[in-house]
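A.B. asks: Structure provided below as structure tokens; questions to follow.
The values are calculated or read from the model by the stated rules, or taken from the named source; none is laboratory data. The structure displayed is predicted, hence computed values, not measured ones. Glycine also receives a Cβ, built like all others from the backbone with ideal geometry; neighbour counts cover every protein chain displayed. Accessible surface areas use protein heavy atoms only, side chains included; no ligands, DNA or RNA. Shrake-Rupley method; radii C 1.70, N 1.55, O 1.52, S 1.80 Å.
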Amino acid sequence: MTTEPRNTVVRGTRATRSASEVTLGRDILDAAPRTTAVDLLRAVPGLVASQHSGEGKAHQLFLRGFDALHGQDVELDVGGLPVNEVSHIHALGYADTNFVIPEVVQSIDVTEGSYRASQGDFAVAGTVRMNLGVAEPGVHLAGTLGQYGQRRLVATVRPGDDESTFAAVELGEGKGYGAQRGYGRAALLAQATSKVGDGLTVRALGGSYVTRFDSPGVVREDDLLAGRATFFSPSTGRQGGTVSRHQLLLGVELPRTGKGRTKLEVFGIRSDLRLRNNFTGYRVDVRGDGLEQTNDVSTVGARAEHRRSVTAFDRPVAMELGLGARRDGVEQTQRHYRESDGTFYSDDIDARITQTDVWGWAEASMPLGRWALRLGGRVDALGVEVFDALAFSDPRFYDGRGYARSAFGMHLGAKAGVEYALSDGADAWRLFASYGDGFRSPQARSLSEGERAPFVSIRGAELGARRDGERWAVQLSLFGSQVDNDFFFDHAVGSTVYTGETLRSGVTAALQARPLPGLVAALSATVAHAYVTDTDTLLPYFAPLVARADVGWERPLEWAWLGGPGTTFSVGTGLTFLGPRPLPFDERSNTVFLADAYLGVRRGEVGVRLDVRNALDARWRDGEFVYSSRFDPASAASLVPARHFTAGSPRLASLTLEVHL
């Protein structure tokens, strides 16, 4: 039992090697309402997360001029478990973080860009790693009731002093703020760490997650203007899906040998997705254009990391080495269904895929007075086997690649950086120059027999400065990246367009401030530019301007009628500004400004918290698209592009009662 004010602050202790690396502690994550893992991701400087297909689908991510779709350009990791899924039926690198219980995320490590050797597949725009733990010992119960039938129950247990040993469960459901937005989900996450013998540490992390959700689809802008639809109308019925994920990680950190330490981990993940979407209505077929996609994956992997200090040229050198392997077995289908009764009338995909990635990396850092040099490299070898069941059984689907086919390829990447401190002292301004090669693995079904697996290679560079102090941390960086043979995938209509070389550039600034006890602020802004070099045209959908402000304040109460020992008051807000995004056919999206806020009081073991999302009740468009569609089967067919949008949530208020035992 504790009656002390909740002033837990988690500080990142990792050594920063570039201007854009940042650690978001739990105090920053608590500065604004965070009821899902995606709310936590929105605290990452410059990152935009858009939800356009219901509460259970992976969000669309935007970062550093990349439209990362559902994860193809952002590497995500939760407690050592990889989140991105290879060769996914819905989107390359599909990364669904809905299984994460936000209350057990203690900090987030962000490495924007691809400048570190440890960054692997899909680490193109950056890498986000969530570190797990529970701040308070004992039992914590939180029950939430909100508008539109929102109900949520979270229970966490931390049995001892080690915050990394815990168990947590989440149950949630809601009707949604409009038709076809209902959902229900359950999640379990548990982790245990223990020291065994002389310096040996073992860790186990496991969890299960299941959800079922509805999806409203899109609204045509002309239907809204003509009064044929409301802002929150669904497009067609039968959209939504189910997801389950089960995972286990076992790790051991060996006793230190001199100046070195070694960590070994093995993990296994089983995930299943069934998703129904119809973004075009009856444009292609009078029976309906709805697609049902299934993707069942079994993943097993292992990795080893070794860190040690050595001496070279009479100077200390910090060495980091890593080896690993991952094998994914994927079964996936795609079928068209009738809008009238949901039955299937056409099969598009029925494939089984085995994809294996084996990698190794090394990185060395050497101080030279006020200078520091970093040099590293990474190699990934990818083997793919595909069995195309439709090509085997139906000649209409034979594409010349073969019924069963295999491919192999390798990617070599260089990493380098230089750092200069303007003065002595831990809080000195430091200047950085960084370079790194990133990559995406290919969609396995696109490969031919014997083909060299064509990794998409990205070259990125950054110039920046930062100053890290106890109360203030400031970062500023100029970044750029070049992609040799990029592609644009419009998941609304399911088409892929290869664009050739693309270039992205921009500037980002971030500030973390703790000027007074209990007061924390995290401010960031990113300006980006992304275009196709051959045509000098903008890439669609990327976010040119993203600004975010999270400000929280917590202090002891001194009011006699409410105050007393162990009573605290907390208030916070999260502000988001998104500038107009380029859309196909020279269109632009609307500007978005959102304000979230919370107010909380805790006395001893009991606390009450009021959260308000979209406090200004803005009518905002979470996603905007331009393509042709026909949602009324009686209307004339047309291929004329039209604007569509998915409605963002209105004002949502919820009340949470917390009990700490």
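A.B. asks: Ranked by accessible surface with a 1.4 Å probe, highest first, in what order do HIS411, HIS140 come?
C.D. replies: Putting HIS411, HIS140 in descending order of accessible area: HIS140, HIS411.
A.B. asks: Restricted to Cα positions, what overall size does the range 22-77 have along the principal axes? Three whole-Å values, descending.
C.D. replies: Answer, in whole Å and largest first: 29, 25, 18 Å.
A.B. asks: Enumerate the lysines that LYS57 could reach by cross-link, defined here as Cα to Cα under 25 Å, with residues fewer than 8 away along the same chain left out.
C.D. replies: Candidates past the 8-residue exclusion: LYS175.
A.B. asks: A follow-up question, please. In what order, largest first, do LEU539, LEU225 sit by accessible area if the probe radius is 1.4 Å?
C.D. replies: From most accessible down to least: LEU225, LEU539.
A.B. asks: Got the relative contact order for the chain handy, in percent, Cα pairs under 8 Å and 6 or more residues apart?
C.D. replies: 14 percent
A.B. asks: For the range 571-661, I need the span (max minus min coordinate) of the C-alpha atoms along each principal axis, in Å, sorted largest to smallest.
C.D. replies: Answer, in whole Å and largest first: 65, 31, 21 Å.
A.B. asks: In square angstrom, what is the accessible area per residue of the range 42-95 with a 1.4 angstrom probe?
C.D. replies: 11 Å²
A.B. asks: Something else now. Which whole-Hz couplings ³J(HN,Hα) result when phi for each residue of the range 214-224 is put into the Karplus expression 6.51 cos²θ - 1.76 cosθ + 1.60, θ = phi - 60°, listed in order with x for Gly and Pro?
C.D. replies: Listing the rounded values in order: 9, 9, x, x, 10, 10, 6, 4, 5, 5, 5 Hz.
A.B. asks: Report the GluC sites (Glu not before Pro) located in the range 402-490 that are in a DSSP loop and have at most 10 other Cβ atoms inside 10 Å of their Cβ, or state none.
C.D. replies: The qualifying sites are GLU470.
A.B. asks: Give me the percent of the accessible area of the chain that comes from carbon and sulfur atoms, probe 1.4 Å, all protein chains in place.
C.D. replies: 59 percent
A.B. asks: From the helices alone, meaning DSSP H stretches of at least four residues, give me the mean residue ellipticity at 222 nm for the chain, per-run term -39500 (n - 2.57), in deg cm²/dmol to the nearest 500.
C.D. replies: -500 deg cm²/dmol
A.B. asks: For a quick check of your reading of the filter: which chymotrypsin sites (Phe, Trp or Tyr not before Pro) in the range 311-381 sit in a DSSP loop and have no more than 15 other Cβ atoms within 10 Å?
C.D. replies: Of the chymotrypsin sites (Phe, Trp or Tyr not before Pro), the ones in loops of the range 311-381 whose Cβ has at most 15 other Cβ atoms within 10 Å are PHE313.
A.B. asks: Can I ask one more? What figure, in Å² to the nearest 10, do you get for the accessible area of GLU305 with a 1.4 Å probe and non-protein molecules left out?
C.D. replies: 40 Å²
A.B. asks: How fast does the chain diffuse by Stokes-Einstein, in µm²/s, taking the Kirkwood radius from C-alpha pairs at 4 °C and 1.567 mPa s?
C.D. replies: So the translational diffusion coefficient is about 50 µm²/s.
A.B. asks: Kirkwood hydrodynamic radius, computed over distinct alpha-carbon pairs, for the range 237-376: how many Å, to one decimal?
C.D. replies: It works out to 19.4 Å.
A.B. asks: Please work out the Cα center distance from the range 518-540 to the range 581-652, rounded to the nearest Å.
C.D. replies: Cα centroid to Cα centroid, the span is 20 Å.
A.B. asks: While we're here: Going highest first, how would you order 111-121, 15-25, 521-531 by mean Cβ packing within 10 Å?
C.D. replies: Packing proxy ranking, top to bottom: 111-121, 15-25, 521-531.
A.B. asks: To continue, here is another question. Which of the chymotrypsin sites (Phe, Trp or Tyr not before Pro) found in the range 560-630 are in a DSSP loop and have at most 13 neighbouring Cβ atoms, other than their own, within 10 Å?
C.D. replies: When the chymotrypsin sites (Phe, Trp or Tyr not before Pro) of the range 560-630 are filtered for loop state and at most 13 Cβ neighbours within 10 Å, TRP561 remain.
A.B. asks: Using a 1.4 Å probe, what is the accessible area per residue for the range 406-550, in Å²?
C.D. replies: Per residue, the range 406-550 has 43 Å² of solvent-accessible surface.
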